[in-house]
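**Student:** Mind looking over this structure? Questions follow.
The values are calculated or read from the model by the stated rules, or taken from the named source; none is laboratory data. Because the structure is a prediction, the values reported are computed rather than measured. Backbone-built Cβ (ideal geometry, glycine too); neighbour counts: all protein chains shown. Areas reflect the complete protein model, heavy atoms only, side chains present, ligands, DNA and RNA absent. Shrake-Rupley method; radii C 1.70, N 1.55, O 1.52, S 1.80 Å.
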Amino acid sequence: METAFTTDALGHAYGRIAALHSLSVEVPRGRTGLVGANGAGKSTLIKILLGIIEQTTGRATVLDLDTGRETIPIRSVVGYMPEGECLPLDQTAADFMVYAAGTAGLPRDAARQRASDVLTLVGLDEERFRYLGDYSTGMKQRAKLAQAIVHDPSLVFLDEPTAGLDPSGREEMLDLIARLGSFGIDVVVSSHVLRDIERTCDWVVMLDEGTLLHAGPIGGASHERRIRVQVNGDATPLVEGLRSAGALVTVDDRRITVAHDDRDTYDLIRDAAAATGTSIRNLDDGAASLEEMFLRRGAGR
Amino acid sequence: MTERGAVYDLGYAPYDGSRLGRRGARATLFADGIRRVLGIRRKARRKVFPWMLIVIAVVPSIVFVGINFFVPGGITEGASTNATHANFFVLNGAVALVFTALAAPELLIPDRRDGVLSILSSRPLTYVDYLSSRFASLVAVVGAFLIFPQFVLYLGLAATNTDGLFRGLVEGADALPKVLLVTVIYIIAYVPLGFVVASLANRKAIAATVYIAIVIGLSAVAEAVVANNVFAGGRWVALIAPVNTADAAAEWVFGQSSPESLLAAADINPGVGLVALIVFGAIGVAFSLYRYRSLM
């Protein structure tokens, strides 16, 4: 498997405060979401992968390059959109993009061309000669994304790319991120907004207090096979009927969850409801959202 | 059928050209540093101070040459070319000090304040690359600031030479290596300290003020200690005053003696003062590197 990044027993501590605990994960190329609450260790992980800070223990690779020994080669082929303010307010977007491309090692003429291209791509071509200090929050986020891809990296790390955006700005940013994959740029998106990850990524790495909760494809993580049933009145007869028919059932208040195995579970539920005279109020496929997954796995630790 | 325009989505064009790596990144930082200090491609108000100081530095040379043109031999009569260059260095040294006070913060503080350092930290650069490129920008600009008026003076004196321009160029040429050397001396005296202050301060105005206060304060302390012979061996305190040392070293290089200089009063050879400047400069550079090691 071609990997975007790997970590092996990776740990980092800020003084006595541990930010990452022995993190081991292999993330394939593509679009990966890095999710977790504030302080989960997402930004620390990204900074280690970029060689900005050194890990305390373990090792990590980015695009098969070792972060400890091959920092400069890694930085030549990756881009980074920081979470906080990172734009020079006294420069125009056009000038800053040329500068950003130049600091990534592109020759002057190529830097100019790329700067023009990416500003058009993120929808700032009409605003390129305005000073960045005069930009709105949404425009600044786009400019931050533009500088991260101006040198055509193989992989780009986006740290909370939708932070501070209004709903429409958020949609536009997510659309842009979703398009990056089609440009041949692998993406690692760090966010605590799980819907953003669900919408833009194929893979997810869940962190909680510096430890790994889950890593895997988003489809596998968020769509466990189960059926949720809500009934009017007492649920006990239906539950007993389903269990006697061999179904795996869990009950929470009047909400029943039935494991959806290879049998035709919907028929099973229908027959059990008819046999016990239970009135069904709601029936759905019970696909767990990433948020539910995160909460459940976090609670299960 | 009417002809209509069409909008084509050209999509994304991958870049497959050359990548210059650290070399390209350093060159970009260097060039950006020069533009930044001079306010080039920045708002108009950012150009005011640097260009005003450049004018202040150059105008005396032009006026001097102009008067010399209308009164041939009038001003330079009795004074050697070396003395003229030395005097202009001492005069422009003070302006260059203010220029450095404004330029050094401009190179370092906005990158930290605006968070641009977090982007640069992800580029193919080390903190040594970053600081050395910024340092080179400051050296280049301050160097040009010091040399340009001297060059105007050299050309002006040659043009007003009574034996003709060519003769003037030849006669004045022996001062040029000294001009270069003295420029380096002033750079060593001014730039590392400017970097130390700029690496610590969070506001440009405060950094500039603190820098000038430190330089003036060091001169005042050194002059007071030497003049009053406060303690045994106190004369060596004269070496902590960079401006006095640079001025004395400049006159020394041009073969001028200044009995009223601080180093002369402390009975210290200007060559020793030069060594002290280099040591203090190296300490300043080392401190700045140490400071940025944890920032990038």
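**Student:** Looking only at helices (runs of 4 or more DSSP H) that fall completely inside the stretch A:194-293, which ones have 1 or more residues that are modelled with pLDDT under 90 and under 35 Å from the mean Cα position of the chain (by Cα)?
**Tutor:** Where helices (runs of 4 or more DSSP H) fall fully within the stretch A:194-293 and carry at least 1 residues being modelled with pLDDT under 90 and under 35 Å from the mean Cα position of the chain (by Cα), they are A:194-200, A:218-222, A:265-276.
**Student:** Among (1) surrounded by fewer than 21 Cβ atoms within 10 Å (Cβ to Cβ); (2) within 14 Å of chain B (Cβ to nearest Cβ); (3) of a type in the set (Val, Ile, Thr), where does A:Val193 come up short?
**Tutor:** Evaluating A:Val193 over (1) surrounded by fewer than 21 Cβ atoms within 10 Å (Cβ to Cβ); (2) within 14 Å of chain B (Cβ to nearest Cβ); (3) of a type in the set (Val, Ile, Thr) leaves (2) as the failure.
**Student:** Here is a list of conditions, (1) closer than 18 Å to A:Gly33 by Cβ; (2) modelled with pLDDT under 85, and A:Ser190 meets all of them except one; can you say which number that is?
**Tutor:** (2)
**Student:** Another question about this same structure. Based on what the data block shows, is A:Ile53 among the β-branched types (Val, Ile, Thr), more than 9 Å from chain B (Cβ to nearest Cβ) and crowded, with 22+ Cβ neighbours inside 10 Å?
**Tutor:** No, not satisfied.
**Student:** Let me ask another. Quick check: is even one residue across the stretch A:67-84 within 7 Å of chain B (Cβ to nearest Cβ), in contact with a strand residue (DSSP E or B) (Cβ under 9 Å, 6 or more places away or on another chain) and free of Cβ contacts under 8 Å to residues at least 40 places away in the same chain?
**Tutor:** Looking for residues that are within 7 Å of chain B (Cβ to nearest Cβ), in contact with a strand residue (DSSP E or B) (Cβ under 9 Å, 6 or more places away or on another chain) and free of Cβ contacts under 8 Å to residues at least 40 places away in the same chain, one finds at least one in the stretch A:67-84, hence yes.
**Student:** Of all the residues that make up the stretch A:102-122, how many are open to solvent by 10 Å² or more (accessible area, probe 1.4 Å) and among the aliphatic types (A, V, I, L, M)?
**Tutor:** Total meeting the criteria: 2.
**Student:** Would it be correct to say that B:Ala248 is part of a helix (DSSP H, G or I) and open to solvent by 30 Å² or more (accessible area, probe 1.4 Å)?
**Tutor:** On the way: part of a helix (DSSP H, G or I): yes; open to solvent by 30 Å² or more (accessible area, probe 1.4 Å): no.
No, not satisfied.
**Student:** So, one more: What tally of residues in the stretch B:65-88 results from selecting those that are modelled with pLDDT of 80 or more, under 10 Å from B:Phe254 (Cα atoms) and β-branched (Val, Ile, Thr)?
**Tutor:** Here the count works out to 1.
**Student:** Quick one: count up the residues across the stretch B:129-168 that are of a type outside the set (Gly, Ala, Ser), open to solvent by 50 Å² or more (accessible area, probe 1.4 Å), assigned to a helix (DSSP H, G or I) and more than 25 Å from B:Gly21 (Cβ to Cβ).
**Tutor:** Of the residues in the stretch B:129-168, 7 are of a type outside the set (Gly, Ala, Ser), open to solvent by 50 Å² or more (accessible area, probe 1.4 Å), assigned to a helix (DSSP H, G or I) and more than 25 Å from B:Gly21 (Cβ to Cβ).
**Student:** Oh, and also: Answer yes if at least one residue in the stretch B:171-186 is under 18 Å from B:Ile147 (Cα atoms), of a type in the set (D, E, K, R) and surrounded by 22 or more Cβ atoms within 10 Å (Cβ to Cβ), and no otherwise.
**Tutor:** So far as the stretch B:171-186 goes, no, none of its residues is under 18 Å from B:Ile147 (Cα atoms), of a type in the set (D, E, K, R) and surrounded by 22 or more Cβ atoms within 10 Å (Cβ to Cβ).
**Student:** Could you say whether any residue in the stretch A:31-46 is of a type in the set (D, E, K, R) and touching a strand residue (DSSP E or B) at 6+ places or on another chain (Cβ under 7 Å)?
**Tutor:** Checked the stretch A:31-46: at least one residue is of a type in the set (D, E, K, R) and touching a strand residue (DSSP E or B) at 6+ places or on another chain (Cβ under 7 Å).
**Student:** List every residue pair whose Cβ atoms lie under 8 Å apart, where the two residues are 6 or more positions apart in sequence or sit on different chains, the first residue falls within the stretch B:266-277 and is among the β-branched types (Val, Ile, Thr), and the second residue, located anywhere, is open to solvent by 30 Å² or more (accessible area, probe 1.4 Å).
**Tutor:** Here the result reads B:Ile268/B:Arg235; B:Ile268/B:Trp236, each pair linking the stretch B:266-277 to a residue that is open to solvent by 30 Å² or more (accessible area, probe 1.4 Å).
Each row is one residue, and each column tells you yes or no for (1) open to solvent by less than 80 Å² (accessible area, probe 1.4 Å); (2) under 21 Å from the mean Cα position of the chain (by Cα); (3) away from chain A (no Cβ under 14 Å).
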| residue | (1), (2), (3) |
| --- | --- |
| B:Ala13 | yes, no, no |
| B:Arg19 | no, no, no |
| B:Ala27 | yes, yes, no |
| B:Gly33 | yes, yes, no |
| B:Arg46 | yes, yes, no |
| B:Ile54 | yes, yes, yes |
| B:Ala57 | yes, yes, yes |
| B:Ser61 | yes, yes, yes |
| B:Phe69 | no, no, yes |
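**Student:** So for the stretch B:136-156 (the condition being within 14 Å of chain A (Cβ to nearest Cβ) and either out of contact with any Asp or Glu (no Cβ under 9 Å at 6 or more places or on another chain) or under 20 Å from B:Gly281 (Cβ atoms) (or both)), does at least one residue qualify?
**Tutor:** Taking every residue of the stretch B:136-156 in turn, at least one turns out to be within 14 Å of chain A (Cβ to nearest Cβ) and either out of contact with any Asp or Glu (no Cβ under 9 Å at 6 or more places or on another chain) or under 20 Å from B:Gly281 (Cβ atoms) (or both).
**Student:** Can I ask one more? Are any of the residues in the stretch A:21-44 part of a helix (DSSP H, G or I) and either more than 14 Å from every other protein chain (Cβ to nearest Cβ) or touching a Pro at 6+ places or on another chain (Cβ under 8 Å) (or both)? Lay out the reasoning, then the answer.
**Tutor:** Initial filter on the stretch A:21-44 (part of a helix (DSSP H, G or I)): A:42-44.
Now restrict to residues that are either more than 14 Å from every other protein chain (Cβ to nearest Cβ) or touching a Pro at 6+ places or on another chain (Cβ under 8 Å) (or both): A:42.
Checked against the condition, which is being part of a helix (DSSP H, G or I) and either more than 14 Å from every other protein chain (Cβ to nearest Cβ) or touching a Pro at 6+ places or on another chain (Cβ under 8 Å) (or both), the stretch A:21-44 yields at least one hit.
**Student:** Could I ask something else about it? Based on what the data block shows, is A:Glu127 open to solvent by 10 Å² or more (accessible area, probe 1.4 Å) and more than 12 Å from chain B (Cβ to nearest Cβ)?
**Tutor:** Taking the combined requirement at face value, the residue satisfies it.
The rows are residues; the columns are (1) out of contact with any Phe, Trp or Tyr (no Cβ under 9 Å at 6 or more places or on another chain); (2) of a type outside the set (A, V, I, L, M); (3) touching a residue at least 60 places away in the same chain (Cβ under 8 Å).
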| position | (1), (2), (3) |
| --- | --- |
| B:Val95 | no, no, no |
| B:Pro110 | yes, yes, yes |
| B:Ser122 | no, yes, no |
| B:Val128 | no, no, yes |
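**Student:** Does B:Ala103 satisfy the condition of being over 21 Å from B:Thr245 (Cα atoms), under 20 Å from the mean Cα position of the chain (by Cα), modelled with pLDDT of 90 or more and open to solvent by less than 10 Å² (accessible area, probe 1.4 Å)?
**Tutor:** When the stated conditions are applied, B:Ala103 passes them.
**Student:** What are the pairs with Cβ atoms under 6 angstrom where one residue, in the stretch A:86-99, is facing another protein chain (nearest Cβ under 7 Å) and the other, located anywhere, is small (Gly, Ala, Ser) and in a loop (DSSP other than H, G, I, E, B)? Sequence gap at least six, or different chains.
**Tutor:** A:Cys86/B:Gly115
**Student:** Checking B:Ser122 against (1) assigned to a helix (DSSP H, G or I); (2) polar (S, T, N, Q); (3) closer than 18 Å to B:Arg293 by Cβ, which single condition isn't satisfied?
**Tutor:** Of everything listed in (1) assigned to a helix (DSSP H, G or I); (2) polar (S, T, N, Q); (3) closer than 18 Å to B:Arg293 by Cβ, B:Ser122 misses just condition (1).
**Student:** Without any contact (Cβ under 8 Å) to a residue 24 or more places away in the chain, open to solvent by less than 30 Å² (accessible area, probe 1.4 Å) and either in a helix (DSSP H, G or I) or among the polar types (S, T, N, Q) (or both): does that describe B:Val210?
**Tutor:** no
**Student:** When you check A:Val156 against the structure, is it open to solvent by less than 10 Å² (accessible area, probe 1.4 Å) and over 26 Å from B:Pro14 (Cβ atoms), yes or no?
**Tutor:** Spelling it out, it is not the case that A:Val156 is open to solvent by less than 10 Å² (accessible area, probe 1.4 Å) and over 26 Å from B:Pro14 (Cβ atoms).
**Student:** Let me ask something else about it. Scan the stretch A:105-121 for residues that are farther than 16 Å from A:Arg142 by Cβ and either more than 7 Å from every other protein chain (Cβ to nearest Cβ) or touching an Asp or Glu at 6+ places or on another chain (Cβ under 9 Å) (or both) and report the count.
**Tutor:** Here the count works out to 6.
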